[in-house]
Amino acid sequence: MPIVVRIDVELAKRKMSVGEFAEKVGLTPANVAVLKNGRAKAVRFSTLEAMCRVLGCQPGDLLEWVDVEDED
């Protein structure tokens, strides 16, 4: 998938658990897992805003575009 979600990296930097993150953002741990594992098809801007607020980061810290042609 060309968009890679880097929530796990930001959580590790802050030593924050998925459960704690989910509670602060207002998501279920299962939905955080869907985001982390790249199975999400979309993310609401309000959710992205909440994730950035909780982690003190920018959207680009959580989402990365990877050129599929470069992976081949």
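Bear in mind these aren't lab numbers, they're just calculated from the coordinates by the rules spelled out. Because the structure is a prediction, the values reported are computed rather than measured. A quick note on method: Cβ atoms are made from the backbone with ideal geometry, for glycine too, and the neighbour counts reach across all protein chains shown.
Listing for the model above:
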read-out	value
Region 3-71 - Kirkwood radius from inverse mean 1/r over Cα pairs (Å)	12.3 Å
Charge-dipole axis of the chain as Lys and Arg at +1 and Asp and Glu at -1 on Cβ define it, positive-most pick from Pro29, Leu48, Ile7	Pro29
Choice from Val32, Val18, Val54 showing the highest fluctuation, given a GNM over the chain with Cα pairs closer than 10 Å	Val54
222 nm mean residue ellipticity, helices alone, for the chain (DSSP H n ≥ 4; -39,500 (n - 2.57); rounded to 500)	-15000 deg cm²/dmol
Difference of contour (0.36 nm per residue) and Cα-Cα distance, Val68 to Asp8	19.5 nm
Neighbour net charge for Asn37 - beta-carbon separation under 14 angstrom, K R +1, D E -1	+3
Charged-residue dipole, Cβ positions (Lys, Arg, Asp, Glu), region 3-71 about Cα centre, Debye nearest 20	440 debye
Qualifying lysines (Cα of each under 23 Å from Cα of Lys15; at least 8 residues distant if same chain)	Lys24, Lys36
